[in-house]
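Here's the structure, in structure tokens; my notes come after.
The values are calculated or read from the model by the stated rules, or taken from the named source; none is laboratory data. These numbers were taken from a predicted model, which means no experiment stands behind them. Methodologically, a virtual Cβ is constructed for each residue, glycine included, from the backbone with ideal geometry; neighbour enumeration extends over all protein chains shown.
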Amino acid sequence: MDSPTVQVRAERLLRELVRLHDVLHALFRPRTDVGPEGVGAAGDALSSRQAQALYLIQPKQTTMTELAALLRLSPAAATPVADRLVELGMARRFRDPSDRRLVYLATTERGRDLIRDGNVWEQTGLSVLATALENEAPGLEEQCVEGLVRMVEAAVDGLSGARSAGEETR
């Protein structure tokens, strides 16, 4: 039997990546079945982006610009994520006293407790994912994902290069 063409393989990969995107969104969707040991009321549930941001700012204070870059969002898109963490009392914002243009975000005691107690894991599908990983060879998932990310980034870089070359010829 003939092997599939590169175009067919690329189309299959794209379909699977879109499917992976959808599955990841479902995995990190806030759970509604979190019990009283969870964060609390349903209004306290974190989105996957908010949970990710909480983890990212937890080790040290982070500027909003740094947070946006870590989340791979524009600063404007990162602002509502930070707003919600502040609203829930899991993070606080403050300005750098020596440069008032810099706005920092840091976890509060409540945010640190949430991370330490593992409630963020319980609120999302991360705990289920961690259980599934117990049966895999250590590092396998990172190698697979890193390889895919490199391949897709190379394609995006090539696409960006082709677009800018097309714009230059106009």
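Values for this structure:
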| read-out | value |
| --- | --- |
| Candidate set from region 94-130 (those that are among the small types (Gly, Ala, Ser) and at pLDDT 90 or above); member that is nearest to residue 48 (Cα to Cα) | 106 |
| Residue list for region 64-74, filter: assigned to a helix (DSSP H, G or I), surrounded by fewer than 16 Cβ atoms within 10 Å (Cβ to Cβ) and not hydroxyl-bearing (Ser, Thr, Tyr) | 69, 70 |
| When residues of region 45-70 are limited to those that are touching a residue at least 60 places away in the same chain (Cβ under 8 Å) and not hydrophobic (A, V, I, L, M, F, W, C), the one nearest to residue 129 (Cα to Cα) | 48 |
| Residue match in region 22-30 (condition: modelled with pLDDT of 90 or more, among the small types (Gly, Ala, Ser) and under 17 Å from the mean Cα position of the chain (by Cα)) | no |
| Meets criteria (at negative phi, at pLDDT below 85, part of a helix (DSSP H, G or I) and among the aliphatic types (A, V, I, L, M)) for residue 10 | yes |
